[in-house]
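Everything below concerns the one structure shown next.
Readers should treat all values here as calculations from the given coordinates under stated rules, not as data from a laboratory. Since this is a predicted model, take the numbers as computed values, not measurements. All Cβ positions, glycine included, derive from the backbone under ideal geometry; neighbour counts span all protein chains shown.
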Amino acid sequence: MSLNYVLVINSEVTSQGAHSAYLFAQELISQQHTITQVFFYQGISVTNSLVSPASDETNVTALWQTFSASHNVPLISCISASLRRGVVDDTVAKEQHLTNHNLADGFTLGGLGEFVTASAGCDRLVQF
Amino acid sequence: MKSLAIINSTAPYGQCNYRESLDMLLANASYDRPVGLFFEGDGVFQLLKNTDAGLTGNKDVTKTYGLLELYDIEEVFVSKQSLLKRNLTREQLAIDVNVIDDAQWFVTLNNYNQALSF
């Protein structure tokens, strides 16, 4: 039976949770499940384009970008949590008069309402 | 619309869990989604009255908890064992809550379709 999943990422890019979530998401797709949304709430560091791990370490941000592009899964990053942690896109940077923007490609800023709408109707909500 | 339980198990102010859990709770409630709020472990410290959060550079979370009724959030549960272990009583909490024991805890949580932990 195919189920609709929403994943919540509360794990930082340096913690195993961020990578485990990616592995879980991959497995869901391989088992023909649907992922309506991956919502980055407290794990905002995963969405930071300036994250540059050493070449022999896993780049979790890059894994998510490729995953999202290959399987058309939206990566939504909570806007208030992002602002609090210093990750913004071009539009928000202008609004807030910030000199730079650093939201990684493939991620989109969104409100908690987008998460509520997606999760209230999904079959499974899984937090990492 | 699936119901959602939000479980708080960390003390306030050391991390921003308390605030982001509250944002999550209120966002869901504002969409009229059925929500339940649970406190266990060090999370029970979030409910203590007579705290002065301003000393830590934070806003007092209990003031917002006092407004839960305005959002029609009436399902608030606190672990009896967690209070006991910390030598706390219901009288020391800032809001009215349902104090439940471990057996009721899991039965009550099971009434919700989904859960998020902070």
* For A:GLN26 paired with A:SER80, estimate the spin-label separation in nm (one decimal), with each label point 7 Å from Cα along the Cα-to-Cβ line. => 3.4 nm
* So, with +1 on the Cβ of K and R and -1 on the Cβ of D and E, and no other charges, what is the size of the charge dipole of chain B about its Cα centre, to the nearest 20 debye? -> 220 debye
* So what's the Cα pair-distance distribution over the range A:4-127, bin width 5 Å, in %? -> 2, 12, 22, 24, 20, 12, 5, 2, 0
* Structure fact -> Mean separation of Cα contacts under 8 Å (at least 6 apart) over the residue count of the range B:4-117, i.e. the relative contact order in percent, is 34 percent
* Asked: At B:PHE106 and B:LYS49, where each label point lies 7 Å from the Cα along Cα→Cβ, what is the point-to-point distance in nanometres?
  -> 3.4 nm
* To do: For peptide A:116-123, compute the average count of partner chain beta-carbon atoms within 10 Å of each residue's beta-carbon.
  => 5
* To do: Report the full-extension gain for the segment A:THR14 to A:GLU57: residue separation times 0.36 nm, less the Cα-Cα distance, to one decimal in nm.
  => 14.4 nm
* Asked: Cross-link partners among lysines for B:LYS49, C-alpha distance below 24 Å, same-chain residues fewer than 8 apart left out?
  -> B:LYS59, B:LYS63, B:LYS80, B:LYS85
* Using a 10 Å cut-off on Cβ atoms, rank the peptides A:22-30, B:20-28, A:70-78 from the highest mean neighbour count down. => B:20-28, A:70-78, A:22-30
* **Relative contact order, percent, the range A:20-107 [alpha-carbon distance under 8 Å, six or more residues apart]** => 34 percent
* Under 18 Å Cα to Cα from B:LYS2, which aspartates and glutamates show up? Leave out anything in the same chain fewer than 8 places away. => A:GLU114, A:ASP123, B:ASP32, B:ASP72, B:GLU74, B:GLU75
* To do: Calculate the spin-label point distance for A:GLU95 paired with B:THR89, positioning each point 7 Å from the Cα along the beta-carbon direction, and give it in nanometres.
  => 4.9 nm
* How far, in degrees from 0 to 90, does helix A:60-71 lean away from the longest principal axis of the Cα atoms of chain A, to the nearest 10? -> 50 degrees
* Structure fact -> Rounded to the nearest whole number, the per residue volume of the convex hull around the C-alpha atoms of chain B in Å³ is 90 Å³
